[in-house]
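Novice: Dropping a structure here in structure tokens format, bear with me for questions.
The values are calculated or read from the model by the stated rules, or taken from the named source; none is laboratory data. All of these numbers come straight from a predicted model, not from anything done at the bench. All Cβ positions, glycine included, derive from the backbone under ideal geometry; neighbour counts span all protein chains shown.
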Amino acid sequence: MTTTYKQYNEELVKFAQKHNAKAECKIYTSPMENNRYHKEYCWEDGANWCEVTELITETVEAHGLTFKCEVEMWRTEYWSTEAGSKYYYCK
């Protein structure tokens with residue numbers, strides 16, 4: 001499922017507020033390697049919010065032709081212990 005950055009931020013804030021009321025949170029961020037990094041928010045109550053951000057190149061189809069676009073686009077996949085995987089894109 002694709003969302004917007006605004007939706008992502010609203011979901012993260014709501015999730016964090018819910019679990020911050022119950023427990024402490026630690027954030028782990030991997031180093032950037034090959035234009036990709038992983039971030040994980042871990043609460044002591046067992047809740048987790050995970051995200052992977054990476055630079056991608058999209059394949060586009062138009063008029064029966066397929067094009068590999070050389071446009072830099074960041075894709076973030078995120079999920080939690082309460083919800084499945086979603087994506088948002090930005091430049």
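Novice: Name the single residue that is modelled with the lowest pLDDT among those in the stretch 1-45 being closer than 15 Å to Glu82 by Cα and among the basic types (Lys, Arg).
Specialist: Lys18
Novice: If you take the residues in the stretch 9-28 that are surrounded by 11 or more Cβ atoms within 10 Å (Cβ to Cβ) and of a type in the set (Lys, Arg), which one is nearest to Tyr89 (Cα to Cα)?
Specialist: Lys18
Novice: Here's a follow-up. Which of (1) among the β-branched types (Val, Ile, Thr); (2) at pLDDT 95 or above; (3) over 18 Å from Thr3 (Cα atoms) does Thr59 not meet, given it meets every other one?
Specialist: So Thr59 meets the others, but not (2).
Novice: Any residue in the stretch 62-74 that is of a type in the set (Phe, Trp, Tyr) and surrounded by fewer than 15 Cβ atoms within 10 Å (Cβ to Cβ)? Write out each step before concluding.
Specialist: If we filter the stretch 62-74 for residues that are of a type in the set (Phe, Trp, Tyr), which is where we start, we get 67, 74.
The next check asks that each one be surrounded by fewer than 15 Cβ atoms within 10 Å (Cβ to Cβ); those that pass are 67, 74.
Yes.
Novice: Mind listing whichever residues of the stretch 1-20 are under 15 Å from Trp79 (Cβ atoms) and of a type in the set (S, T, N, Q)?
Specialist: If the condition is that a residue be under 15 Å from Trp79 (Cβ atoms) and of a type in the set (S, T, N, Q), then Thr2, Thr3, Gln7 are the ones that fit.
Novice: Right, here's the next one. Quick one: which strands (runs of 3 or more DSSP E) sit completely within the chain and have at least 1 residues that are in contact with a Cys (Cβ under 9 Å, 6 or more places away or on another chain) and free of Cβ contacts under 8 Å to residues at least 24 places away in the same chain?
Specialist: 25-29, 36-43, 59-62, 73-80
Novice: Here is a further query. If you go through the stretch 36-61, how many residues are buried (at least 16 other Cβ atoms within 10 Å of the Cβ) and hydrophobic (A, V, I, L, M, F, W, C)?
Specialist: 6
Novice: Is it the case that Gly64 is among the small types (Gly, Ala, Ser), more than 10 Å from the chain's Cα centre (by Cα) and at pLDDT 95 or above?
Specialist: On the way: among the small types (Gly, Ala, Ser): yes; more than 10 Å from the chain's Cα centre (by Cα): yes; at pLDDT 95 or above: no.
Spelling it out, it is not the case that Gly64 is among the small types (Gly, Ala, Ser), more than 10 Å from the chain's Cα centre (by Cα) and at pLDDT 95 or above.
Novice: Here's a follow-up. Within the stretch 75-88, track down each residue that is farther than 16 Å from Val13 by Cα, surrounded by 14 or more Cβ atoms within 10 Å (Cβ to Cβ) and of a type in the set (S, T, N, Q).
Specialist: Within the stretch 75-88, just Thr76 meets the criteria.
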